[in-house]
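Since the structure comes first, as structure tokens, the remarks are kept for the end.
The values are calculated or read from the model by the stated rules, or taken from the named source; none is laboratory data. Since the model is a prediction, treat every value here as computed from it, not as a measurement. So basically every Cβ, Gly included, is an ideal-geometry build from the backbone, and we count neighbours across all protein chains shown. Calculation scope for accessible area: heavy atoms of the full protein, side chains included, ligands and nucleic acids excluded. Shrake-Rupley method; radii C 1.70, N 1.55, O 1.52, S 1.80 Å.
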Amino acid sequence: MQFDNKQIKIAKIPSKGRALVATTAIKKGDLLVTVDASPPLPASKNNNASIVVLLDDKLLTGTHCGVCLGDSSWGATDLKCCINCNQLYICKNCNYYHNKRECKAYQAFYEENDTEEHAFMADDTTLMRQLIRLLSQENYAAILENISILEHHYEKESEENKYKIKQISKYVMNLMLPNIISSVESSALLWQQLIETSARFSANEILISQPWRWRKTSIFNLGTEDVGIGVFINASFANHSCKPNAHYTFEKGPTFMLIALEDIEKNEEISISYTSLYQSTQNRQMELEATYHFKCNCLRCVPSLKDKIEHKHYFDKSIDEMPINDGRSDTSTMNSYSKIIDGQQRALSLVGDNKFGSARQILQSLNIKKLKRALSSDNNIILHATRMMQIGLAHIQNDHMYVNSWVEKVKGYLNNASMYNEYSTWILWLNVIKLFHGTNNHAGSNGKLTYLNEIGLLYGAKLQDYISQELLSKSKENLAKRKRNNNNNNNNMTGKKQKKRKMS
């Protein structure tokens, strides 16, 4: 496998298997891997097997293209629902890629809606749609061969998952290829290939997200919103660490970029995170074992002896591990937490309808102080996330005073709670958000340049330019607003003077 630079290579590491390793010293912010997903061609021997499939996570919402995953901010225009299958919105640049095979498969599936088999498939259509997209390509056999270089861990799946994979693979095979399979033997071989490919999807797919969004489905992901999934073959060899030295992001469109989070030495492994880092060790381990079938032994999960007391204090005080000091039961605490999370989600759903006042009322009604007393910790991740949610709503509502006062408080909490700089992303986004609400949004501000340079370093120049333009627009908007207010005040003063003259 060749990469587009000579800074990294694939190497075998004992107990880990294949991994990405630095071949030279790497600086923070260096771009290590780029996988260009535009146009969204499937993997083949002619394009270096870079991408297997891109799949939208917003089926039939009309907000993103079902092929390139783009919306207006990512360059997708004229989104229209397919008139034949009535299941995908396609932008004008992607009509070709939603081919007849995929369209007919969607028609057949969604028209057959009164059987138990259909109900089973419809429970979660992600895997089914991945296989349909793959098999709809003329060169699907080459795609199956290319993705076979990735691990699948099928044998480690639960019996329930194995049954699901088998059933969906067989259903899609029969749906897509009734006229291509020439024998029982070839049918059995293809079925086995699809089973293993399905497991490879599970082990290697990556969420594609748009930056500079407030994600409505998770309180632990500031500034991103998932719009789809993809399998980027030559990016799939990066192993996991709960203290990663690299991360991935997406430029304008679902173009994958792997970027160094810190300086990396020659021959050092390059790692990313497969899960949210803002969880307890126990919860991270459970998720990694359930989804990826391994136990993490990184510094955060297995700290050195001198770090164990600090590590326990900062990272393992999650809702299911906190000692309750006020006599309340764990169940009661969990109920309080659930009510707050539910309330936050209801508030965010109202934001989408521009009902900011109602959203704020919901947040104000949540008894966060009560939960804080139950948790007995200023550093608890649930409290961090709750504060971030409040700032997010205030940011969307342009509540400048609330944002500026709380950003500094929350940054203090996060800095105090951090051991391995794991909250650096949150702090960076908070600094940028505060720029939108400060009184000194003029160009040349040292703080502004520092934060935007950091954004450019870790997320790319395009996002840096986008935020710069947003800041400039916001600054002009605030200036115009001040002028209108001054004019209104002057008009009011003139009116009062004229009124006095009349009275006299």
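Residues ARG484, ARG284, ARG18 ordered from highest to lowest accessible area at a 1.4 Å probe: ARG484, ARG18, ARG284. Taking 7 Å steps out from each Cα toward its Cβ at ALA142 and THR24 produces label points 3.2 nm apart.
The phi-based Karplus calculation (6.51 cos²θ - 1.76 cosθ + 1.60; θ = phi - 60°) puts the 3J(HN,Hα) values of segment 416-424 at 5, 8, 7, 10, 10, 6, 6, 9, 4 Hz, whole numbers, x for Gly and Pro. Amide hydrogen proximity for VAL53: with H placed 1.01 Å from N in the peptide plane, the residues at 5 or more positions away or on another chain lying under 5 Å are VAL231.
Which of LYS28/LYS411; LYS12/LYS243; LYS166/LYS243; LYS28/LYS266; LYS104/LYS166; LYS58/LYS100 have a Cα-Cα distance over 25 Å? In this structure, LYS166/LYS243 lie more than 25 Å apart at Cα. Between ASP30 and ALA260, the built amide H atoms are under 5 Å apart, and every one of these is 5 or more places off in sequence or on another chain.
Take the Cα of SER332, step 7 Å toward its Cβ, do the same at SER365, and the gap between the two points is 2.3 nm. Accessible area per residue was computed with a 1.4 Å probe on protein heavy atoms; LEU31 scores about 80 Å².
Overall shape of segment 77-212 was characterised from the C-alpha gyration tensor. The equivalent ellipsoid obtained from it has semi-axes of 24, 19, 17 Å, in decreasing order. Overall size of segment 67-138 from C-alpha positions, given as principal axis extents largest first: 40, 26, 21 Å. Put simply, when 458-467, 186-195 are sorted by average Cβ atoms within 10 angstrom per residue, most first, you get 458-467, 186-195.
5 Å is the cut-off here: which amide hydrogens, built 1.01 Å from N in the peptide plane, fall below it relative to ASN398, excluding neighbours closer than 5 in sequence? Amide H neighbours of ASN398: none. Sequence-ordered 3J(HN,Hα) estimates for segment 426-433 from the Karplus curve with 6.51, -1.76 and 1.60 and θ = phi - 60° stand at 4, 5, 4, 5, 5, 4, 5, 4 Hz, glycine and proline given as x.
Karplus-based coupling profile of segment 276-289, in residue order and whole Hz: 5, 7, 9, 10, 6, 4, 4, 5, 5, 5, 4, 5, 5, 5, with θ = phi - 60° in 6.51 cos²θ - 1.76 cosθ + 1.60 and x standing for Gly or Pro.
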